[in-house]
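The values are calculated or read from the model by the stated rules, or taken from the named source; none is laboratory data. Keep in mind it's a predicted model, so treat the numbers as computed, not measured. All Cβ positions, even for glycine, are placed from backbone atoms using ideal geometry, and neighbour counts span all protein chains on display. Remember, those area values only see protein heavy atoms, side chains included, never the ligands or the DNA or RNA. Shrake-Rupley method; radii C 1.70, N 1.55, O 1.52, S 1.80 Å.
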Amino acid sequence: MEVVIVARPEDAAPIVADAYTRLLARTPSAVLGLATGSTPLGVYRELIRRHQQEGLSFAQVTTFNLDEYVGLPAGHPELYRTFIEREFTSHVDLDPARVHGPDGLAEDLLAAAADYERAIADAGGIDIQILGIGADGHLAFNMPGSSLVSRTRLKTLTRKTREDNARFFDGDISQVPKHCLTQGLGTIMESRHAIMLGFGRNKAQAVAEAVEGGVSAHWPASILQMHPHATVVVDEDAASQLRLTNYYIDTFNGKPDWQGI
Ligand code: F6R
């Protein structure tokens, strides 16, 4: 696991966007796993900028969202499908038919989850999976206690996650769905490169547990310690409870330019 500590959240975007630029130069038909929430927005904006100003093309790319609320009506602004289109995919040359998300309105949610797993596998698996982290250590919507080998499935959101996300629903927790479909931790572990971002002091404990604590379902993001290519990019606030900080900084500063994250 590589840990990159940046001074401010906005400093993370070019470092992470470079990983996409290198991937797309190698594999124009790459498969990207996309997260919602506030954390990845800077990266999406930088990718859009590179598309508009530097010709970075997503024309052959396929995407898979990490998760989706169950029961929000089509077109709802907080539907993760709508969110990803609004914040990223509609601003680049991605074919909308290649933008996928779990179907939180499916009549048979369990079948929809199984179909989603199959679709990811049929596309060849995910090349870069971008991830945020919950203050309680959740990864995608794998809440504390999630099986470390779980696949895409139906989950119940914790009250804390619903409280945190109420800011997107006029501050009204009663509007935040109670259930979701989410890629499992086992699904995420099959991505070829997992990049987890964490910003702000409220993520500091979760980041420390995920990076330096024991691997435990209690802190689902800690499963990334078992990932063969995981990069954690955090700002100084989110890194404030890490212990090996100097080592992480020395390692990143000592890398040759060609290596990337
Ligand atoms: C989003 C997701 C969640 C968020 C996490 C952090 O698709 O799966 O795990 O990444 O809740 O959310 P923000 O980025 O809003 O702090």
* Structure fact -> Of (1) within 16 Å of the ligand (Cβ to nearest atom); (2) open to solvent by 60 Å² or more (accessible area, probe 1.4 Å); (3) closer than 28 Å to ALA119 by Cα, GLN225 satisfies every one except (1)
* Structure fact -> Per the filter on the stretch 153-185, residues open to solvent by less than 10 Å² (accessible area, probe 1.4 Å) and either under 26 Å from GLU107 (Cβ atoms) or part of a loop (DSSP other than H, G, I, E, B) (or both) are THR161, PHE169, VAL176, CYS180, LEU181, THR182, GLN183, GLY184
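Among the residues of the stretch 112-152, write down those that are assigned to a loop (DSSP other than H, G, I, E, B), touching a Leu at 6+ places or on another chain (Cβ under 8 Å) and farther than 28 Å from ALA204 by Cβ. It would help to see each step written out before you state the result.
Within the stretch 112-152, the first condition is being assigned to a loop (DSSP other than H, G, I, E, B), and the residues that meet it are 123-127, 132-138, 140-141, 143-152.
Remaining after also requiring touching a Leu at 6+ places or on another chain (Cβ under 8 Å): 126-127, 132-133, 140-141, 143, 146-150, 152.
Those that are assigned to a loop (DSSP other than H, G, I, E, B), touching a Leu at 6+ places or on another chain (Cβ under 8 Å) and farther than 28 Å from ALA204 by Cβ: ASP127, THR152.
Could you look through the stretch 198-222, keep only residues that are touching a Lys or Arg at 6+ places or on another chain (Cβ under 9 Å) and closer than 14 Å to GLY137 by Cβ, and pick out the one that is most open to solvent (accessible area, probe 1.4 Å)? Don't jump to the end; show me each part of the working.
Kept after step one, since they are touching a Lys or Arg at 6+ places or on another chain (Cβ under 9 Å), are these residues of the stretch 198-222: 199, 208, 212.
Applying the additional criterion that residues be closer than 14 Å to GLY137 by Cβ yields 208, 212.
Details: ALA208: 17, GLU212: 40 Å².
Going through the qualifying residues, I end up with GLU212.
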* Structure fact -> Note on GLY145: of the conditions (1) within 16 Å of MET196 (Cβ to Cβ); (2) within 16 Å of the ligand (Cβ to nearest atom); (3) open to solvent by 20 Å² or more (accessible area, probe 1.4 Å), unmet is (1)
* Asked: Checking GLY132 against (1) open to solvent by less than 40 Å² (accessible area, probe 1.4 Å); (2) within 16 Å of the ligand (Cβ to nearest atom); (3) over 16 Å from LEU34 (Cβ atoms), which test does it fail?
  -> (3)
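Quickly run through the stretch 115-127 and pick out the residues that are hydrophobic (A, V, I, L, M, F, W, C) and crowded, with 19+ Cβ neighbours inside 10 Å. Talk me through it step by step, then tell me what you get.
So in the stretch 115-127, the residues hydrophobic (A, V, I, L, M, F, W, C) come out as 119-121, 123, 126.
Within the stretch 115-127, ILE120, ILE126 meet the criteria.
When the residues of the stretch 67-114 are filtered to those that are of a type in the set (A, V, I, L, M, F, W, C) and open to solvent by 70 Å² or more (accessible area, probe 1.4 Å), which remaining residue is farthest from the ligand (Cβ to nearest atom)? Even if it seems obvious, please write down each step before you answer.
Going residue by residue through the stretch 67-114, those that are of a type in the set (A, V, I, L, M, F, W, C) are 70, 72, 74, 79, 83-84, 88, 92, 94, 97, 99, 105-106, 109-114.
Imposing the further condition that a residue be open to solvent by 70 Å² or more (accessible area, probe 1.4 Å) reduces the set to 74, 97, 105, 110.
Values: ALA74: 19, ALA97: 21, LEU105: 17, LEU110: 20 Å.
Applying the filter and picking the extreme gives ALA97.
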* To do: Under 9 Å between Cβ atoms, at least 6 apart or on separate chains: pull out the pairs that start in the stretch 152-164 with a residue that is in contact (Cβ under 8 Å) with a residue 60 or more places away in the chain and end on any residue that is β-branched (Val, Ile, Thr) and within 11 Å of the ligand (Cβ to nearest atom).
  => LEU154/THR182
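Could you check, for the stretch 15-37, whether at least one of its residues is over 30 Å from LEU110 (Cα atoms), in contact (Cβ under 8 Å) with a residue 40 or more places away in the chain and of a type in the set (Gly, Ala, Ser)?
Narrowing the stretch 15-37 to residues over 30 Å from LEU110 (Cα atoms): 15-28.
Okay, now just the ones that are also in contact (Cβ under 8 Å) with a residue 40 or more places away in the chain, so 15-16, 18-20, 22-23, 27.
So of that shortlist, the ones also of a type in the set (Gly, Ala, Ser) come out as 19.
The answer is yes, given that some residue of the stretch 15-37 is over 30 Å from LEU110 (Cα atoms), in contact (Cβ under 8 Å) with a residue 40 or more places away in the chain and of a type in the set (Gly, Ala, Ser).
Residue-by-condition table, conditions (1) among the aliphatic types (A, V, I, L, M); (2) touching a Pro at 6+ places or on another chain (Cβ under 8 Å):
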| residue | (1), (2) |
| --- | --- |
| LYS155 | no, no |
| GLN175 | no, no |
| HIS179 | no, no |
| THR182 | no, yes |
| GLY186 | no, no |
| SER191 | no, no |
| ALA194 | yes, no |
| LEU197 | yes, yes |
